[in-house]
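Let me begin by presenting the structure, written as structure tokens, before commenting on it.
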Amino acid sequence: MRVHITEGSIVEAQVEALVLGIFEGITEPGGAAGAVDQAIGGLIKNVLGSKEFKGELNETITLHLGGGRPYRKVVLVGLGKKEELSAERVRQASASGVRAAAKGGVRRIGCPLHGAGAGGLDVGEAAQALTEGAILGLYKFETYKTKDDNGHKDELVEVVVYEQDGDKVQAAGPAIERGTILAEATNWARDLVNTPSNDLTPTVLAAKAKQMAAEVGLECEILERRDMERLGMGALLGVAKGSAEEPKMIVLRYRGSDDEQPFALVGKGVCFDSGGISLKPAEGMGAMKGDMAGAAAVLGAMRAIALLKPKQHVIAVAPCVENLPSGTALKPGDVLKAMTGKTIEVDNTDAEGRLILADAVAYAESLGAHSVVDVATLTGACVIALGSLYTGLISTDDELAEAIVEAGKKAGERYCRLPADPEYKEQYKSDVADIKNTGGREAGVITGALIISEFVKDARWAHLDIAGTSTSSKDKHYLTKGATGVAVRTLAELVCSD
Ligand code: BES
Ligand code: ZN
Ligand code: MN
């Protein structure tokens, strides 16, 4: 899958299908759509007058043409109201358009720079959004399909953007490259989350991180069980006890050009979460193969960061384990000692994310991080509170929290900040240890986050609960059913704009 731009008229495009953006309520096609309409005998104008297509955001209609043109179909995609156009709407419409166009084995798709003409968006912004939408929207996870629905595999789709203004072509080039880096990193993370746990153990995940690091020029270190023992990571090791698979702590380093301390991205890497001895119900348990989406997000972000080359130093830390019940498993009532020396009473072995993150955030701070952002599929409570639209954001630092919300806006990802008042800490007091690993049903998203914050001393800290946003239950614009790769682009934007 590749997006590139060429100087020329879309009417003459040497492609199999065109995608044209249409504003809501338009009856007279203008710009690229107007030029194509003239060339194909007014078919577009006919449709716009027929009320069969209103131009609402992400609405599509496909016009099949007779012979005589290289393109055999034209897809119209709604951009919504002209005055409401945004980069995010271009990202969505681009995905909806190319997805309709790619049906039936189409491999080469042409389109104009949606939004950069009458829409009035900045050319770079529009080009980046178009590129991201196309690459994200055409994502497929077919590793385990011996045949796809059409009986073939691995179609390579190419999207060619046609623009007649040479200056706009120049300006769009680097933006397409940036969009490609961000979207491919997101898809890379999606692959990890979609891969079942029998093929993505902590050992495999660590090997994939190492391979990726070598490809893009990051330093990679894998901490083994003996390293964790030496460092006193009793919380992480406690969770790992139930599984026959070795725990791994992935550490990636990106060296920017400034000489400041690093920014740390920490991701929960539970390759499978059965709940442990506090076993989860059978129904839907398979979805817990995706309980390493936080790790995938920080690794994917590092892949993008390595290619975008910001000034900021960045490290990523991903503690990877399986949470399983067995004769050697962690038990409710057990007490663990984390790397910082703080003790934790295990009230529920299913609250394992905060245990492994306790040692991971402490380790990140011990490497000198000035800011620690952890990303985790942490709580079912977050899914209940925010659904799949917003990621939960909890932070004790206003500036960092606002920077995350802003980076999210650029990336097309929504974050809802929840309070973090210290009074909530009362809920996880323990009778026998310093704290316990649960805070009861009330405000479960917040107490879960605050338990992690107990292991950060001086660094700025923020927590992203992606339990509801890391997977999508259906294909929806640039999101495809299954893993979303959420937070990859936000984290890359955050570090690159800092
Ligand atoms: N991985 C789960 C959270 C989760 C739930 C992610 C649904 C995605 C979808 C986490 O480890 C967990 O089990 N959390 C418990 C915490 C509780 C025991 C305090 C939960 O939310 O029930
Ligand atoms: Zn979990
Ligand atoms: Mn759990």
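The values are calculated or read from the model by the stated rules, or taken from the named source; none is laboratory data. Being a predicted model, the structure only gives us computed values, none of them experimental. For neighbour counting, all protein chains shown are included, and Cβ atoms are generated from backbone atoms with ideal geometry for every residue, glycine included.
Quick check on the range 335-347: of everything there that is touching a Lys or Arg at 6+ places or on another chain (Cβ under 9 Å) and within 16 Å of ligand 1 (Cβ to nearest atom), which residue is nearest to ALA240 (Cα to Cα)?
VAL346
Listed residues GLY267, GLY294, GLY290; which is within 12 Å of ligand 2 (Cβ to nearest atom), touching a Gly at 6+ places or on another chain (Cβ under 7 Å), within 23 Å of GLY485 (Cβ to Cβ) and not acidic (Asp, Glu)?
Among GLY267, GLY294, GLY290, only GLY294 is within 12 Å of ligand 2 (Cβ to nearest atom), touching a Gly at 6+ places or on another chain (Cβ under 7 Å), within 23 Å of GLY485 (Cβ to Cβ) and not acidic (Asp, Glu).
For ASP334, indicate whether it is within 19 Å of HIS463 (Cβ to Cβ), touching a Gly at 6+ places or on another chain (Cβ under 9 Å) and of a type in the set (Asp, Glu).
no
Looking at (1) touching a residue at least 60 places away in the same chain (Cβ under 8 Å); (2) out of contact with any strand residue (DSSP E or B) (no Cβ under 7 Å at 6 or more places or on another chain); (3) closer than 24 Å to ALA433 by Cα, which is the one condition that is false for GLU345?
GLU345 satisfies every listed condition except (2).
Looking at the range 267-278, I want the residues that are farther than 14 Å from LYS248 by Cβ and touching a residue at least 40 places away in the same chain (Cβ under 8 Å) and have a partner that is buried (at least 24 other Cβ atoms within 10 Å of the Cβ) and among the β-branched types (Val, Ile, Thr) with Cβ atoms under 7 Å, at least 6 apart or on another chain. Which pairs are those?
GLY275/THR349; GLY276/THR349; ILE277/THR349; SER278/THR349
What residue, among those in the range 480-492 that are touching a residue at least 60 places away in the same chain (Cβ under 8 Å) and surrounded by fewer than 24 Cβ atoms within 10 Å (Cβ to Cβ), is farthest from ligand 2 (Cβ to nearest atom)?
Checked the range 480-492; the qualifying residue farthest from ligand 2 (Cβ to nearest atom) is THR480.
Suppose we filter GLY115, GLY110, GLY78 for residues that are farther than 18 Å from LEU138 by Cβ, in contact (Cβ under 8 Å) with a residue 60 or more places away in the chain and either under 25 Å from the mean Cα position of the chain (by Cα) or crowded, with 24+ Cβ neighbours inside 10 Å (or both); which single one remains? Steps first, answer last, please.
Values: GLY110 fails: farther than 18 Å from LEU138 by Cβ; GLY78 fails: in contact (Cβ under 8 Å) with a residue 60 or more places away in the chain.
Exactly one residue qualifies, and that residue is GLY115.
Buried (at least 24 other Cβ atoms within 10 Å of the Cβ), closer than 25 Å to SER274 by Cβ and more than 14 Å from ligand 2 (Cβ to nearest atom), is that true of LEU336?
no
Out of everything in the range 392-417 that is assigned to a strand (DSSP E or B) and away from ligand 1 (no atom under 12 Å from the Cβ), what residue ends up being surrounded by the most Cβ atoms within 10 Å (Cβ to Cβ)?
Per the criteria, the residue is ILE394.
Restricting the range 247-266 to residues that are in contact (Cβ under 8 Å) with a residue 60 or more places away in the chain and assigned to a loop (DSSP other than H, G, I, E, B), which is nearest to ligand 3 (Cβ to nearest atom)? Spell out the reasoning first.
Of the range 247-266, the ones in contact (Cβ under 8 Å) with a residue 60 or more places away in the chain are 247-254, 260-266.
Next, from what is left, pick out any that are assigned to a loop (DSSP other than H, G, I, E, B): 247, 260-262.
On the way: PRO247: 16, GLU260: 36, GLN261: 32, PRO262: 29 Å.
Taking the candidates together, the pick is PRO247.
If only one of ALA296, ALA287 is within 26 Å of the chain's Cα centre (by Cα), surrounded by fewer than 22 Cβ atoms within 10 Å (Cβ to Cβ) and in a helix (DSSP H, G or I), which one is it? Steps first, please.
Working: ALA296 fails: surrounded by fewer than 22 Cβ atoms within 10 Å (Cβ to Cβ).
Result: ALA287 is the single residue among ALA296, ALA287 that is within 26 Å of the chain's Cα centre (by Cα), surrounded by fewer than 22 Cβ atoms within 10 Å (Cβ to Cβ) and in a helix (DSSP H, G or I).
Please enumerate the residues belonging to the range 161-195 that are polar (S, T, N, Q) and without any contact (Cβ under 8 Å) to a residue 60 or more places away in the chain.
GLN170, the sole residue that qualifies.
Select from the range 356-382 the residues that are farther than 23 Å from ALA403 by Cβ and within 13 Å of ligand 3 (Cβ to nearest atom) and list them in ascending order.
Passing the criteria: ILE356, THR379, GLY380, ALA381.
Are there any pairs with C-beta distances below 7 angstrom linking a residue in the range 81-105 that is on the phi > 0 side of the Ramachandran plot to a residue that is acidic (Asp, Glu), with the two at least 6 apart or on different chains, and if so which?
Matching pairs, first to second residue: GLY105/GLU155.
Condition test on THR349, is it surrounded by fewer than 24 Cβ atoms within 10 Å (Cβ to Cβ), out of contact with any Cys (no Cβ under 9 Å at 6 or more places or on another chain) and among the β-branched types (Val, Ile, Thr)? Lay out the reasoning, then the answer.
Working: surrounded by fewer than 24 Cβ atoms within 10 Å (Cβ to Cβ): no; out of contact with any Cys (no Cβ under 9 Å at 6 or more places or on another chain): yes; among the β-branched types (Val, Ile, Thr): yes.
Considered against the rule, which asks whether it is surrounded by fewer than 24 Cβ atoms within 10 Å (Cβ to Cβ), out of contact with any Cys (no Cβ under 9 Å at 6 or more places or on another chain) and among the β-branched types (Val, Ile, Thr), THR349 comes out as no.
Considering only the range 254-284, how many residues are more than 20 Å from the chain's Cα centre (by Cα) and more than 16 Å from ligand 1 (Cβ to nearest atom)?
Total satisfying the criteria: 8.
Of the residues that make up the range 254-271, is at least one surrounded by fewer than 24 Cβ atoms within 10 Å (Cβ to Cβ), under 30 Å from PRO325 (Cβ atoms) and modelled with pLDDT of 95 or more?
No, the conditions are met nowhere in the range 254-271.
Quick check on the range 432-440. Is at least one of its residues of a type in the set (D, E, K, R), surrounded by fewer than 22 Cβ atoms within 10 Å (Cβ to Cβ) and away from ligand 1 (no atom under 12 Å from the Cβ)?
Yes, the range 432-440 has at least one match.
Would you check if ARG303 is of a type in the set (Lys, Arg), within 16 Å of ligand 2 (Cβ to nearest atom) and either assigned to a helix (DSSP H, G or I) or at pLDDT below 95 (or both)?
In short, no.
Within 16 Å of ligand 1 (Cβ to nearest atom) and either at positive phi or not in a loop (DSSP other than H, G, I, E, B) (or both), is that true of ASP350?
Considered against the rule, which asks whether it is within 16 Å of ligand 1 (Cβ to nearest atom) and either at positive phi or not in a loop (DSSP other than H, G, I, E, B) (or both), ASP350 comes out as no.
In this structure, is GLY238 outside any loop (DSSP other than H, G, I, E, B) and over 15 Å from ILE305 (Cβ atoms)?
Here the answer is yes, as GLY238 does meet what is asked.
So which of VAL373, VAL383 is more than 16 Å from ligand 1 (Cβ to nearest atom) and not charged (D, E, K, R)? Steps first, please.
Details: VAL383 fails: more than 16 Å from ligand 1 (Cβ to nearest atom).
Among VAL373, VAL383, only VAL373 is more than 16 Å from ligand 1 (Cβ to nearest atom) and not charged (D, E, K, R).
I'm checking my understanding of the structure. Among residues of the range 410-421 that are out of contact with any Ser or Thr (no Cβ under 6 Å at 6 or more places or on another chain) and in contact (Cβ under 8 Å) with a residue 12 or more places away in the chain, which one is farthest from THR131 (Cα to Cα)? Steps first, answer last, please.
Within the range 410-421, the first condition is being out of contact with any Ser or Thr (no Cβ under 6 Å at 6 or more places or on another chain), and the residues that meet it are 410, 412, 414, 416-419, 421.
Checking which are in contact (Cβ under 8 Å) with a residue 12 or more places away in the chain leaves us with 410, 412, 414, 416-419.
Numbers: LYS410: 14, GLY412: 13, ARG414: 20, CYS416: 26, ARG417: 29, LEU418: 32, PRO419: 36 Å.
Of everything passing the filter in the range 410-421, PRO419 is farthest from THR131 (Cα to Cα).
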